[in-house]
Amino acid sequence: MFKNVIRASIVVAACIGLLVPAVAASAESSVAPDPAQIYADTPDTTNVTLLLAHTVTLQDAIKLSGAVGEPVVAYAYDNVQTMGEYSPATGLDPAKFLAQFQEDYGTQPAVNGFVVLRDAEQQKKSKALDVQQTQLGSTYPTYVAPSVKFGPKIAARIEAGKQAAAKKQEAELGGAQTLAVSDWRPDDANIVTGDSSPFIWSQYDWLDYGLYSLPNNIGLEFEVNEHNDSIFTPNNNRPNCYLSPGTADPYYKSRFWARNYGWTWQATNIYGTPVASIQAYADYNDLSDKCRTNSIAIGLRKPKNLDNYQGLSGVEIQISAPAGLVTSSKISGNVQAVTESFCLSWPGNGMSSTDCMGVNAIQNEWGGYPAGNYNRGTLAESRGWVTPWKCWTSGNRGLDAPVAYSCFG
């Protein structure tokens, strides 16, 4: 997600007439809205998390949601080693989600909050923070989740990462374990795009302490991007997407294989235990992205809080998204460095991380590495690869060509 302009700047620019659609704007026609977009983060809304009095089971959280007084778009959970959100928008049955969670992590999600959508202007006026403590759930039993215990699939991937790190350290360091490097880019990336939901799984590994060269205020966003040039205004900036001259497109987030909202997702520290929260978030904010591109991305506001095993750090990301209006999309992949500076004071601290994390003025805070570089590609769009069932690895910090492999073993 490009996000070269944060939400507040977009709103101001729109108000003074700086955002002019590429199509002639006659009297704007009315098109029925996408009903599923009650889950969508838009230029007029921001996500707010209402923290529960204590952690509860997902089943109890679903029962409790009726007492919130506003639509719940996702159920947030934090099991220390893994965190994420369950969203009904994916159509994923809660029982199936819980069964898969148990298989992968040997435990159940400890739900600690409700995610709701608030009017951005009202949120700004209220000066309320984006994460708010409540007493919701105080009459329900506290759920203390057993510690994460990785299932066979994840355990095998962790072992493979450890072996790769050992080989690299042996080759580069003669077996030493204390290298400090200045290259922040993940050494290895492994991405799977599957057909059900749709589904995206990815893993990113740092093999030699490079992650810890990031400044403390720099986060990372891990993207799989979809592209569609058949729409009417592919090169307009969102949200100025049109079906025809003067007719806005209410489905612009949906004309892809996967929709850019309503995900069930999780981010997992796969080596050791986080030293503190990685503050993962679903990066729904697509302001300034082209209409032709849907970004499916999870961000870590504090990636340096990932633990390491002898220099090896890694994050595993899973996303189930609502199915889009087409059965396949051309794709690309990227890891982007972003700054939290706007999140630290008002009005940024009243916005969710997807709305306040960005790249404005990042050059003034950090020179990047190599100098001026804030991106680590995993797949170039020019290769023409399409979903679903496209799987690939990207090594050597993105300097080597990606390698496709069979998703079916």
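Going by the conditions given, is ASN373 within 27 Å of GLU121 (Cβ to Cβ) and open to solvent by 30 Å² or more (accessible area, probe 1.4 Å)? Spell out the reasoning first.
Working: within 27 Å of GLU121 (Cβ to Cβ): no; open to solvent by 30 Å² or more (accessible area, probe 1.4 Å): yes.
No; evaluated as a whole, the condition is false for this residue.
Which pairs have Cβ atoms under 7 Å, sit 6 or more apart or on different chains, and link a residue in region 332-345 that is under 13 Å from ILE362 (Cα atoms) and open to solvent by 20 Å² or more (accessible area, probe 1.4 Å) to one that is assigned to a helix (DSSP H, G or I) and of a type outside the set (Lys, Arg)?
SER341/GLU365; PHE342/GLY348; PHE342/CYS356
Check SER26, SER87 and return the single one that is modelled with pLDDT under 70 and of a type in the set (S, T, N, Q).
Details: SER87 fails: modelled with pLDDT under 70.
Among SER26, SER87, only SER26 is modelled with pLDDT under 70 and of a type in the set (S, T, N, Q).
If you take the residues in region 119-157 that are among the aliphatic types (A, V, I, L, M) and touching a Gly at 6+ places or on another chain (Cβ under 8 Å), which one is modelled with the highest pLDDT?
First, pick out the residues of region 119-157 that are among the aliphatic types (A, V, I, L, M): 120, 128-129, 131, 136, 144-145, 148, 154-156.
Among the residues that remain, those that are also touching a Gly at 6+ places or on another chain (Cβ under 8 Å) are: 128-129, 131, 148.
Details: ALA128: 82, LEU129: 83, VAL131: 90, VAL148: 94.
Once the filter is applied, the top-ranked residue is VAL148.
Please specify each residue of region 287-321 satisfying the condition of being outside any strand (DSSP E or B), out of contact with any Pro (no Cβ under 8 Å at 6 or more places or on another chain) and either buried (at least 24 other Cβ atoms within 10 Å of the Cβ) or aliphatic (A, V, I, L, M) (or both).
First, pick out the residues of region 287-321 that are outside any strand (DSSP E or B): 287-289, 291-292, 301-308, 310-311, 321.
Those still in the list that are out of contact with any Pro (no Cβ under 8 Å at 6 or more places or on another chain) too: 288-289, 301-304, 308, 310-311.
The answer is PRO303, GLY311.
Name the residue, out of ALA76, ALA171, ALA95, that is open to solvent by 60 Å² or more (accessible area, probe 1.4 Å), under 27 Å from GLY324 (Cα atoms) and without any contact (Cβ under 8 Å) to a residue 40 or more places away in the chain. Quick ask: steps written out before the conclusion?
On the way: ALA76 fails: open to solvent by 60 Å² or more (accessible area, probe 1.4 Å); ALA171 fails: under 27 Å from GLY324 (Cα atoms).
ALA95 is the lone residue from the list that is open to solvent by 60 Å² or more (accessible area, probe 1.4 Å), under 27 Å from GLY324 (Cα atoms) and without any contact (Cβ under 8 Å) to a residue 40 or more places away in the chain.
Go through THR339, THR354 for me and flag whichever is over 20 Å from LYS125 (Cα atoms) and hydroxyl-bearing (Ser, Thr, Tyr). Outline the logic, then answer.
Working: THR354 fails: over 20 Å from LYS125 (Cα atoms).
Going through THR339, THR354 in turn, the sole match is THR339.
Answer yes or no as to whether THR354 is surrounded by 20 or more Cβ atoms within 10 Å (Cβ to Cβ), more than 17 Å from ASN190 (Cβ to Cβ) and of a type in the set (Val, Ile, Thr). Give the steps one after another, and end with the answer.
Details: surrounded by 20 or more Cβ atoms within 10 Å (Cβ to Cβ): yes; more than 17 Å from ASN190 (Cβ to Cβ): yes; of a type in the set (Val, Ile, Thr): yes.
Against the criterion (surrounded by 20 or more Cβ atoms within 10 Å (Cβ to Cβ), more than 17 Å from ASN190 (Cβ to Cβ) and of a type in the set (Val, Ile, Thr)), THR354 qualifies.
Could you go through region 163-173 and let me know if any residue there is modelled with pLDDT under 85, in a loop (DSSP other than H, G, I, E, B) and over 30 Å from THR264 (Cβ atoms).
Within region 163-173, the first condition is being modelled with pLDDT under 85, and the residues that meet it are 163-173.
Checking which are in a loop (DSSP other than H, G, I, E, B) leaves us with none.
No - not one qualifying residue is present in region 163-173.
Counting only residues that are of a type in the set (A, V, I, L, M) and closer than 30 Å to PRO43 by Cβ, give me the strands (runs of 3 or more DSSP E) lying completely in region 324-409 with at least 3 of them.
Working: elements: 330-339, 375-379, 390-394, 403-405.
Hits in region 324-409: 330-339.
Which members of region 188-209 meet the condition of being surrounded by fewer than 24 Cβ atoms within 10 Å (Cβ to Cβ), at pLDDT below 90 and within 20 Å of GLY314 (Cβ to Cβ)?
Once the filter is applied, which keeps residues that are surrounded by fewer than 24 Cβ atoms within 10 Å (Cβ to Cβ), at pLDDT below 90 and within 20 Å of GLY314 (Cβ to Cβ), region 188-209 yields ASP208, TYR209.
Being farther than 25 Å from SER313 by Cα and not hydroxyl-bearing (Ser, Thr, Tyr) is the filter; apply it to region 264-286 and report the residue that is surrounded by the most Cβ atoms within 10 Å (Cβ to Cβ).
Filtering region 264-286 down to residues farther than 25 Å from SER313 by Cα leaves 284-286.
Among the residues that remain, those that are also not hydroxyl-bearing (Ser, Thr, Tyr) are: 285-286.
Details: ASN285: 31, ASP286: 27.
Looking at residues that are farther than 25 Å from SER313 by Cα and not hydroxyl-bearing (Ser, Thr, Tyr), I get ASN285.
Where residues in region 211-243 are among the small types (Gly, Ala, Ser) and in contact (Cβ under 8 Å) with a residue 60 or more places away in the chain, which of them is farthest from ILE319 (Cα to Cα)?
Here the answer is SER213.
Looking only at region 270-281, how many residues end up being under 21 Å from ALA189 (Cα atoms) and either part of a loop (DSSP other than H, G, I, E, B) or modelled with pLDDT under 95 (or both)? So that I can check it myself, show each step before the final result.
First pass over region 270-281, keeping only residues under 21 Å from ALA189 (Cα atoms): 270-274, 278-281.
Still in the running and either part of a loop (DSSP other than H, G, I, E, B) or modelled with pLDDT under 95 (or both): 270-274, 278-279.
Going through region 270-281 one residue at a time, the tally reaches 7.
For a quick check of your reading of the model, give me the residue pairs whose first member lies in region 107-128 and is over 20 Å from GLN81 (Cα atoms) and open to solvent by 10 Å² or more (accessible area, probe 1.4 Å), whose second is assigned to a strand (DSSP E or B) and among the hydrophobic types (A, V, I, L, M, F, W, C), with beta-carbon atoms closer than 6 Å and at least 6 apart or on different chains.
Hits for this filter: LEU117/VAL73; ARG118/VAL48.
Anything in region 79-92 that is open to solvent by less than 40 Å² (accessible area, probe 1.4 Å) and within 19 Å of SER147 (Cβ to Cβ)? List them, or say none. I'd like the intermediate steps shown before the answer.
Pass one, region 79-92, residues open to solvent by less than 40 Å² (accessible area, probe 1.4 Å): 79, 81-87, 89-90.
Within region 79-92, ASN79, GLN81, THR82, MET83, GLY84 qualify.
Do we find a residue being closer than 25 Å to ALA165 by Cβ and at pLDDT 95 or above anywhere in region 358-372?
Within region 358-372, the subset closer than 25 Å to ALA165 by Cβ is 368-370.
Narrowing further to those that are at pLDDT 95 or above: none.
Among the residues of region 358-372, not one is closer than 25 Å to ALA165 by Cβ and at pLDDT 95 or above, which makes the answer no.
The values are calculated or read from the model by the stated rules, or taken from the named source; none is laboratory data. The structure presented is a predicted model; accordingly, all values stated were derived computationally and were not measured. Cβ atoms come from the backbone with ideal geometry, glycine included; neighbour counts cover every protein chain shown. What goes into the accessible areas is simple: the full protein's heavy atoms, side chains included, and nothing from ligands, DNA or RNA. Shrake-Rupley method; radii C 1.70, N 1.55, O 1.52, S 1.80 Å.
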